[in-house]
Amino acid sequence: MTLSRHGDVKEVLGDPDRFTAGREALDLGQKRPVLPLQADPSDHPRLRAALDPVFAPSAVAAHEAALRSHAQRLISGFPPTGSVEANGAFSRQLPLLALIELLGLPVSDVGALGRLHDGILGPGASESPETRAEAGARIYAYLEPLVAARRDEAGTDLIRALHRARRTGGQLTDEDIVDT
C-alpha cells in the first residue's frame, strides 16, 4: 500500500492501534524492540529528537566524500574487461560501508557486519527463529561493548551522537542506543 495524500499519511501516523510496526511484525532475532521502528508511539518524540541531528542534511552531507571514496574504490576493483557480479562487488558492499561510516567503525569490520546481516536477513535466516536469535545475540555482543566504550568519547558518529543526546537531556540508555 502506498500513501500519497497528506490526509492518508496523517491518518496512518495518528492511529498506532491500527497502523503499527509492532514487535511481532519484525523478527530480526532481537531481544528488545528495534528503535525507533518498534517503539511505542509515545516514545517516538524522544527517539526522533535524538536522531534528527544525526540525519540532518548537513550531518549526512559530511559523509559524502567518504562514501564517494568507498564507491570509487569498489568500482576500481572491477575487472577492466568482461562482466562483474554487481551485487557482491558493489550493491552489497556499499550499504555496509555506509553503515561503517555512520557508526564510525573500522573498514576492516565490513566482513563481520556482512556476516551479522546475513544471520538476520540472509539466505536461511527466515527458516528458523532460532537462527535469527543466535544472530541477534551476536549483534548484541558486537554492539553492547562498543556502545559502552564510546559513552564518554567525543566524535560525530551515530553512537557518540546518541550518547551526546543523552548528556544533553535526551534520556537515552545504552540499551536504547544499541537498539537503535
Checklist entry - Restricting attention to segment 52-63, and to residues there that are small (Gly, Ala, Ser) and within 23 Å of LEU146 (Cα to Cα), which single residue is surrounded by the fewest Cβ atoms within 10 Å (Cβ to Cβ)? => result ALA62
Checklist outcome for this item: How many residues of segment 93-104 are open to solvent by less than 40 Å² (accessible area, probe 1.4 Å), under 11 Å from the mean Cα position of the chain (by Cα) and under 18 Å from ARG160 (Cβ atoms)? The answer is 4
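Can you say whether SER83 is loosely packed, with under 14 Cβ neighbours inside 10 Å, without any contact (Cβ under 8 Å) to a residue 24 or more places away in the chain, in a helix (DSSP H, G or I) and hydroxyl-bearing (Ser, Thr, Tyr), as far as the supplied structure shows? Can you show your working first?
Values: loosely packed, with under 14 Cβ neighbours inside 10 Å: yes; without any contact (Cβ under 8 Å) to a residue 24 or more places away in the chain: yes; in a helix (DSSP H, G or I): no; hydroxyl-bearing (Ser, Thr, Tyr): yes.
No; evaluated as a whole, the condition is false for this residue.
Yes or no: segment 68-75 includes at least one residue that is small (Gly, Ala, Ser), out of contact with any helix residue (DSSP H, G or I) (no Cβ under 8 Å at 6 or more places or on another chain), more than 20 Å from ARG32 (Cβ to Cβ) and modelled with pLDDT of 95 or more. Step through it out loud before you land on a result.
Taking segment 68-75 as the starting set, the residues that turn out to be small (Gly, Ala, Ser) are 69, 71.
Applying the additional criterion that residues be out of contact with any helix residue (DSSP H, G or I) (no Cβ under 8 Å at 6 or more places or on another chain) yields 69.
If we keep only those that are more than 20 Å from ARG32 (Cβ to Cβ) as well, we get 69.
Imposing the further condition that a residue be modelled with pLDDT of 95 or more reduces the set to 69.
So far as segment 68-75 goes, yes, one or more of its residues are small (Gly, Ala, Ser), out of contact with any helix residue (DSSP H, G or I) (no Cβ under 8 Å at 6 or more places or on another chain), more than 20 Å from ARG32 (Cβ to Cβ) and modelled with pLDDT of 95 or more.
Tell me, which helices (runs of 4 or more DSSP H) wholly within segment 105-180 include 2 or more residues that are in contact with a Ser or Thr (Cβ under 9 Å, 6 or more places away or on another chain), open to solvent by 30 Å² or more (accessible area, probe 1.4 Å) and at pLDDT 90 or above? It would help to see each step written out before you state the result.
On the way: elements: 110-121, 129-149, 158-165, 174-179.
Helices (runs of 4 or more DSSP H) meeting the threshold: none at all.
Take the conditions open to solvent by less than 70 Å² (accessible area, probe 1.4 Å), over 22 Å from LEU143 (Cα atoms), assigned to a helix (DSSP H, G or I) and in contact (Cβ under 8 Å) with a residue 60 or more places away in the chain and apply them to ALA66. Does it pass? Quick ask: steps written out before the conclusion?
Details: open to solvent by less than 70 Å² (accessible area, probe 1.4 Å): yes; over 22 Å from LEU143 (Cα atoms): yes; assigned to a helix (DSSP H, G or I): yes; in contact (Cβ under 8 Å) with a residue 60 or more places away in the chain: no.
Here the answer is no, as ALA66 does not meet what is asked.
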Next on the checklist: Just checking, does segment 89-99 include any residue being in contact with a helix residue (DSSP H, G or I) (Cβ under 9 Å, 6 or more places away or on another chain), among the aromatic types (Phe, Trp, Tyr), closer than 25 Å to ARG48 by Cβ and assigned to a helix (DSSP H, G or I)?
Outcome noted: no
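The values are calculated or read from the model by the stated rules, or taken from the named source; none is laboratory data. Note that the coordinates shown come from a computational prediction; the quantities given were computed from them, not determined experimentally. Don't worry about glycine lacking a Cβ; one is built from the backbone with ideal geometry, like all the others, and counts go over all protein chains shown. Each accessible area value is taken on the protein alone, full model and side chains, heavy atoms only, with ligands, DNA and RNA left out. Shrake-Rupley method; radii C 1.70, N 1.55, O 1.52, S 1.80 Å.
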